[in-house]
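Only the coordinates and a few stated rules stand behind these numbers; no lab work does. The structure displayed is predicted, hence computed values, not measured ones. Cβ: placed from backbone, ideal geometry, glycine included. Neighbour counts: every protein chain shown.
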Amino acid sequence: MIDQTWRFDGRVLGHEDAHDDDLDTLRQDIEVRLAQLLDGGRADLPSLAMRAGTLGAGKRMRPLLLMLVARDLGCDAPGLVDVACAVEMVHAASLILDDMPCMDDARLRRGRPAIHVEYGEDVAILAAVALLSRAFCILGSAHGIPADVRSRLVCTLGETVGAQGLVRGQFLDLHGGARSAGDIAVTNELKTGVLLGAAVDMAATVAQAGEATAQSLRAFALAAGQAFQIRDDFQDGPGNDSAVTGKDTGKDVGKATFVNTLGADEARRRLLAHLLEAERHLQDAVGARQGTRRFVRALFGKALAPAPALELGARPRADAAGVHARA
């Protein structure tokens with residue numbers, strides 16, 4: 001058992017909050033490199049939309065997670081930031097498409113008009129396609145990473161985007177109708193977990209980690225993805241201000257989410273159980289190293305401030321999880 005108490009204000013009791021400067025440096029490295037990679041010297045509408053969709057005030061959760069996991073595995077390859085930026089471009093492309101009127105019909109993203117609102121639907125589609133192609137080009141030429149490793153990275157990200165990944169997740173979200181808790185978990189995994197899983201899997205690939213470590217990291221990412229999607233469902237609910245969340249609220253009304261289907265209390269219990277599972281898998285993968293662990297705690301800390309203190313390593317209630325099974 002890990003002898004720490006996780007408080008949902010983002011602090012670990014008995015330990016100093018440290019390395020914030022290092023995280024800020026990583027974030028800045030990602031921002032600078034994204035801007036460089038998307039600066040083709042053109043000012044046409046698709047190029048502007050690509051930059052607007054990617055360089056907005058995002059959390060950078062996926063690229064930061066990739067870089068932090070790689071560091072926790074002892075890897076700081078020079079091309080790692082490019083790999084992280086490629087993942088963020090894929091995420092940005094998925095958001096552009098998700099916001100389209102024929103999809104989620106969202107008007108606001110990251111505190112500004114959605115790309116289809118600002119640039120038109122035709123430009124938004126073209127920008128998303130261009131971001132995807134740019135991401136794979138970046139992976140294929142990442143500096144300092146062997147060719148066989150780059151090939152594996154391309155395959156991993158390609159499978160994540162495709163018909164069994166993000167595409168299927170969005171389709172199920174749009175056409176799922178009334179669904180069981182297990183069906184909702186599958187959709188959440190495909191919408192959020194698979195890209196998080198790809199990020200940590202790609203970090204393990206670059207770090208040349210063993211298969212047992214890679215499997216633990218995938219399990220960590222899927223559990224964290226479930227927790228993140230439930231947190232996102234809470235943020236969509238009544239009383240949330242889009243000026244704070246940075247995107248439209250109320251888009252999940254009538255959708256089958258854990259909050260809508262099972263109620264807020266059960267959704268919160270499942271969220272906590274997923275976080276505990278994520279912590280256990282992360283412990284298996286990186287041991288006592290703290291970079292990734294601190295980042296995950298910070299992501300969920302403020303959002304769950306009303307929740308009670310929680311002992312890491314404690315086993316969640318049997319009726320709270322819905323973690324190990326999909327039903």
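Points to keep in mind about this one:
- Projected label points at D24 and A147, each 7 Å from Cα along the beta carbon direction, are separated by 4.3 nanometres.
- C102, C85 arranged by Cβ crowding within 10 Å, fewest neighbours leading: C102, C85
- Simple label model, 7 Å out from Cα along Cβ direction - V129 to Q36, nm: 3.0
- Take the Kirkwood radius over Cα pairs of the range 133-219, plug it into Stokes-Einstein at 37 °C and 0.692 mPa s, and you get 234 µm²/s for translational diffusion.
- Loop GluC sites (Glu not before Pro), the range 14-101 (other Cβ atoms within 10 Å of the site Cβ: 15 or fewer; DSSP): E16
- Counted by neighbouring Cβ atoms within 10 Å, the residues S151, S216 run from fewest to most as S151, S216.
- At R0 = 41 Å, FRET efficiency that the Cβ-Cβ distance of L45 and R179 yields, to 0.05: 0.60
- Rounded, prolate or oblate (a/c below 1.5 giving rounded, otherwise prolate when a/b exceeds b/c) for the range 39-104 by Cα gyration tensor: oblate
- By the count of neighbouring beta-carbon atoms within 10 Å, fewest first, V296, V69, V90 end up ordered V296, V90, V69.
- The label point for A298 and the one for C137, both projected 7 Å from the Cα toward the Cβ, are 3.2 nm apart.
- Efficiency of FRET from Cβ geometry, D76 and E121, R₀ 56 Å, rounded to 0.05: 0.85
- Extension gain (nm, one decimal) between D265 and Q290, 0.36 nm per residue minus Cα-Cα: 6.0 nm
- Order by protection proxy (mean Cβ within 10 Å, highest first), peptides 154-163, 133-142: 133-142, 154-163
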